[in-house]
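What follows draws every value from the coordinates through simple rules; no lab data is involved. Being a predicted model, the structure only gives us computed values, none of them experimental. As a convention, Cβ positions derive from the backbone with ideal geometry for all residues, glycine included, and neighbour counts pool all protein chains shown.
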Amino acid sequence: MNRRDLLTGKYGQGKLDLKNSKDSLYAYAKLLGSTNNAMVHYSLEGTIFAYLPNGAQKLIGFQAILKGVWEKIDEDSYSYKLFESGFFHHLDSKNYIETFDNPITNKKNQLSNIKGGPYKTVIKPRQLDWVISGNDVWIQEPKTRMGHFGVSESTNQDKQTSFANTIFKGKISELNDESSIASSIMTYNYISPWYPFFEMDDVDGKMYWQAVGKKIQSWFDVPKSMKTFLKAKQKNYFESTNPWSEPTSTLKHFRENNKQK
Amino acid sequence: MPIKKQMNRREIIGGIGAIAASPFVSGQELNFIDRGINLNDPIQNALAYAKLIGTSARSMVHIYYHGTIFGMTPDEGVKPMIGLTGVLKGVWKPWVDNGFYYTLYDCGYFMDLKTGAPVEEFENPFTGELNRPVKIIGGPFDRVIKPDLRPFKSRGDDLWLEEPAYLNFVNKLDPKIWKKASTGEKLSFLYVETYHGKVSDLANPEFDSVPMTITSTHNTSWYPFFLMGQRPGGHYWQSVGKKVENLEVDVPPILINYIEKESPGYFESERPWKKRTGTFQAYKNQRQPIKD
C-alpha cells in the first residue's frame with residue numbers, strides 16, 4: 001500500500017481480494033490464526049447473563065484462553081486444532097472459584113472448569129461473508145448446536161438448541177502485510193440452556209454468554225488471574241501444542257468429573 | 001460556543017480526523033493511572049465513555065453498522081432471517097456536574113442476506129410466508145451520562161466496555177388486535193453493546209473523540225413484521241460497526257444514498273426529525289392488523 005492509498009483510505013486496494021476465495025482463505029487464516037505453522041492464543045473475559053422471563057441479570061463472570069494450533073497443508077488448505085481452558089469467577093473479582101452461591105436459586109453450586117477440544121478443522125478456499133468499513137474488517141462464525149445439556153447425556157430427553165456466534169475483527173492493512181499472523185479482536189456470544197452445574201433445571205430461562213478478547217503474543221500477555229489458574233489446574237497448557245488428546249467439552253468434562261464423585 | 005444546527009459533509013469527514021495512529025503498547029494488568037487516565041475515578045470514567053462512544057465536545061458522531069437477524073425457535077433451531085444496516089447519529093454536548101448529554105437517531109434498512117440491497121419483502125424461513133419489513137428508524141432518544149464506575153476491560157492497549165440493557169415493556173401492538181404481528185402484551189429485550197477502543201487514545205487529552213468499533217447483540221421478542229404471532233422463540237440480532245471517521249470511506253455508497261433519499265440532511269442536521277419513533281411504532285403507524 002502506498003502513501004496515497006493510506007491518505008485516501010483505499011485500504012482494499014492491496015494485493016488481497018476478499019471476493020476471491022483463495023485470498024479469502026489466506027485472510028481468514030491470518031486473522032483467526034496463522035498462515036504458517038504456528039500456535040496462537042486468545043485471551044477472553046466475559047459475563048454470563050441469566051435470561052429469565054421477567055428480566056435478565058448478570059450471573060457470573062468467566063475467563064478463558066483459547067489455543068489454536070495452525071498448520072499450513074498446502075497453498076489451498078490449512079488445518080487447525082482448537083482447545084479452550086478457563087474458569088468462572090465472581091462478578092466483583094477475577095479469581096477463579098470452584099463453588100458459587102447462585103443468586104437465582106439461593107443454592108450453592110459446585111462448578112466445573114471451562115475445558116474444550118481438541119476440535120480439528122481443515123479449511124479450503126470458499127466464499128466468506130466479510131464486512132469491510134475503511135481499514136476495518138470483520139468475519140463472523142455463527143454455529144448452531146443441538147444436544148443434551150443435562151447432568152447426563154440422556155437419550156430420554158429432547159435435544160436442545162444452543163447458538164454461538166464468534167466475531168473476529170482485524171485491519172485490512174495488516175492482512176495485506178508480509179507477516180503470517182495479524183492482530184485480531186474477538187467477540188463471543190453464546191445462547192445456551194442452563195449448564196447442569198448451575199442446577200437450574202426447574203428455572204424457566206436460558207444463559208447468555210458474552211465475552212471479549214484478543215489474540216495474544218506471549219505468556220506475558222496472559223492476565224495474572226489466568227496465570228494463577230493455569231499454574232494450579234492446567235500446567236503446560238500455554239506451551240504445549242497438544243495439552244490433552246482426548247476430545248472433551250465443558251459439559252463432558254463436568255459429567256466425567258461428576259461420575260467419579 | 002453555541003451548538004451548530006447544521007454540519008456539512010466535509011466536517012463529518014474531518015470529525016475525528018485529528019486522531020493520530022495509536023502506538024501499540026504491550027503489557028498486561030494495565031495501570032491506567034500510569035498512562036494518564038484513571039477509570040476508577042467516576043469523572044474520568046464518564047469522560048472516557050463520552051470520548052469512546054461519542055465525543056466530549058459539542059459535536060455529532062455517526063456509527064455505521066451491518067449485521068444479521070437470526071431467528072430461534074425450540075422446534076426448528078436457528079435460521080438467518082434477514083440482514084440489516086444503518087447509521088446511528090449521536091448529537092453530544094457536555095452536561096452539568098461533569099456529565100454528558102446526547103440524543104440518538106437511527107436510520108437504515110433491512111437487507112437481502114446475499115446482495116446486501118434493501119428488501120421490500122422476503123420469505124420468512126420459519127413460516128414460508130412473505131414478510132414486508134418496515135424501514136429502520138429510531139429516535140430521538142435522549143440520555144445523560146453521569147460520572148460512574150463503568151467496568152471497562154483491558155488487554156494491553158485494547159479496551160472494551162460491555163453495556164447490557166434489559167428492557168421489559170408494554171407492547172404497542174395489542175395481541176388481541178394484532179394477532180400475527182404481536183408476540184404478546186409485553187416485550188422483552190436484552191441488549192449488549194460492546195465498544196472497543198485503545199487506552200492510549202483515551203489517555204490523550206488532545207482527542208475529544210477516539211476511534212471505536214462496536215459489536216451489538218440484541219436478544220429480543222419477534223419483530224412485528226416477521227408475523228410470528230405468539231410462536232415460542234425470538235430473534236438474535238447481531239451487528240458490527242464503527243464510529244465513522246470518513247463517511248465516504250467507511251460507509252457503503254448504497255447506504256449513504258438510501259439515507260440521503262429517505263431522510264435528506266440526516267448526516268448534516270443535528271435534529272433530522274422531531275417526533276420520537278421506533279420500529280414497533282413505525283409498524284403500527286404504517287400497517288393494518290392481518291387476519292388469521
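Over region A:3-260, Cα pairs under 8 Å with separation of 6+ residues give a relative contact order of 22 percent.
Amide hydrogen proximity for B:Gly156: with H placed 1.01 Å from N in the peptide plane, the residues at 5 or more positions away or on another chain lying under 5 Å are B:Glu29, B:Leu30.
For chain A, modelled as a GNM whose springs connect Cα atoms under 10 angstrom apart, the maximal fluctuation among A:Glu199, A:Glu153, A:Glu84 occurs at A:Glu153. Do the alpha carbons of any pairs in A:Lys67/A:Lys224; B:Lys89/B:Lys261; A:Lys206/B:Lys114; A:Lys67/A:Lys235; A:Lys206/A:Lys252; B:Lys135/B:Lys274 sit beyond 22 Å of each other, and which pairs? Result: A:Lys206/B:Lys114 exceed 22 Å. Scalar couplings 3J(HN,Hα) for region B:132-146, obtained by applying the Karplus form with A = 6.51, B = -1.76, C = 1.60 to θ = phi - 60°, are 10, x, 7, 7, 7, 8, x, x, x, 10, 9, 8, 10, 9, 9 Hz; x denotes Gly and Pro. With axes computed from alpha carbons, what is the tilt in degrees of helix A:21-32 against the longest principal axis of chain A, rounded to the nearest 10 within 0 to 90? Taking Cα atoms only, the helix is inclined about 50 degrees. What angle do you read, to the nearest 10 degrees and between 0 and 90, between the alpha-carbon axis of helix B:42-53 and the longest principal axis of chain B? Approximately 60 degrees, to the nearest ten. For chain A, the Stokes-Einstein estimate of translational diffusion at 10 °C and a viscosity of 1.306 mPa s comes to 80 µm²/s, using the Kirkwood hydrodynamic radius over alpha-carbon pairs. Here the protein assembly as shown yields Rg over Rh of 0.95, to two decimals, using C-alpha coordinates and the Kirkwood radius.
Rg and Dmax of region B:32-286, both derived from C-alpha coordinates alone, stand at 19.2, 60 Å. Across all C-alpha atoms in region A:130-170, the radius of gyration and Dmax reach 16.6, 52 Å.
Listed by chain and number, the aspartates and glutamates whose C-alpha is less than 12 Å from the C-alpha of B:Lys93, apart from same-chain residues fewer than 8 away, are B:Asp142, B:Asp208, B:Glu270. In straight-distance terms, cross-link reach from B:Lys172 covers every one of the aspartates and glutamates whose alpha-carbon lies under 12 Å from its own, apart from those fewer than eight places away in the same chain; here that gives B:Glu185.
The helix-based estimate of mean residue ellipticity at 222 nm for chain B, built from -39,500 (n - 2.57) per DSSP H run of four or more residues and divided by its residue count, is -3500 deg cm²/dmol to the nearest 500.
Between A:Ala232, A:Ala50, A:Ala211, the residue with the greatest mean-square fluctuation in the GNM of chain A (Cα pairs under 10 Å linked by springs) is A:Ala232.
Helix A:224-233 and the long axis of chain A differ in direction by around 60°, with both axes built from C-alpha atoms. Name the shape class, rounded, prolate or oblate, that the alpha-carbon gyration tensor gives for region B:186-264, where a ≥ b ≥ c are the square roots of its eigenvalues, rounded holds for a/c under 1.5, and otherwise prolate holds if a/b is larger than b/c and oblate otherwise. Oblate. Hey, in the GNM for chain A with a 10 angstrom Cα cutoff, which one of A:Leu91, A:Leu251, A:Leu44 fluctuates hardest? For chain A, modelled as a Gaussian network with Cα springs under 10 Å, the answer is A:Leu91. Candidate cross-link partners of A:Lys107 among the aspartates and glutamates, defined by an alpha-carbon separation under 17 Å and a same-chain spacing of 8 or more, comprise A:Glu98, A:Glu199, A:Asp201, A:Asp202, A:Asp204. Here B:Val119, B:Val240, B:Val144 are placed in order of increasing Cβ neighbour count within 10 Å, fewest first, which gives B:Val144, B:Val119, B:Val240.
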